[in-house]
Amino acid sequence: MPDRHWWITLALSGALVVALGAFAAHGLDGRLPERLTAAFTTGVRYQAWHTLAGLALLAWRAQQPLAAQLTALRLWSAGILLFSGSLYAMALAGLYGVGLGPLGVITPLGGVLLLLGWLALAWGLWRARV
């Protein structure tokens, strides 16, 4: 994916963070058990931090491109989809009384992908002697 597409993807992710954060604060307030509301806001928080990290990585990439940067972006994107996405889905399913218990196994996989993105970045930086 060209960097232009990454910029667009991350800008859309940032917009989604704002929308989902507002929904959590105003649309979910008192309508879900506390644990589901907390899970939803955790998804928003992790998506926000990794979106910001991705934007910083792209800005740095414009000055000094490294393969590890793209690896981290890919892993973080997949991690956001699986980690945050599964938390959103489970909370929204709870809002409508639908059980998505098996979806819970996806959440840790997404967390592992987020972690692997950071480790891949660290490894790539170490190898490049940056």
**Report entry** Fewest-first ranking of ASP29, ASP3, using other Cβ atoms within 10 Å as the exposure measure
**Finding:** ASP29, ASP3
Report task. Quick one, could you list the DSSP H helices from the chain stretching 24 Å or more along their long axis (Cα atoms) with average Kyte-Doolittle hydropathy of 1.6 or above? Result -> none
**Report entry** Sum of -39500 (n - 2.57) over DSSP H runs of 4+, divided by residues of the chain (222 nm, nearest 500)
**Finding:** -25500 deg cm²/dmol
Requested in this report: Would you mind ranking ILE106, ILE8 by Cβ crowding within 10 Å, fewest neighbours first?
Outcome: ILE8, ILE106
Report summary line: For the chain, averaging the sequence separation of alpha carbon pairs under 8 Å that lie six or more residues apart and dividing by its residue count, the contact order in percent is 27 percent
Report summary line: Charge tally for neighbours of LEU87 with beta carbon under 12 Å away, counting Lys, Arg as +1 and Asp, Glu as -1, is +2
Query raised in the report: Which is the longest stretch in the chain that no exposed loop site breaks, taking sites as trypsin sites (Lys or Arg not before Pro) with a DSSP loop state and at most 14 other Cβ atoms within 10 Å?
Result: 32-128
Requested in this report: Enter the per residue convex hull volume of segment 3-128, computed from alpha-carbon coordinates, in Å³ rounded to the nearest integer.
Outcome: 90 Å³
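Each reported figure results from applying straightforward, stated rules to the coordinates on display, with no laboratory input. None of the values given here were measured: they were computed from a predicted structure. A quick note on method: Cβ atoms are made from the backbone with ideal geometry, for glycine too, and the neighbour counts reach across all protein chains shown.
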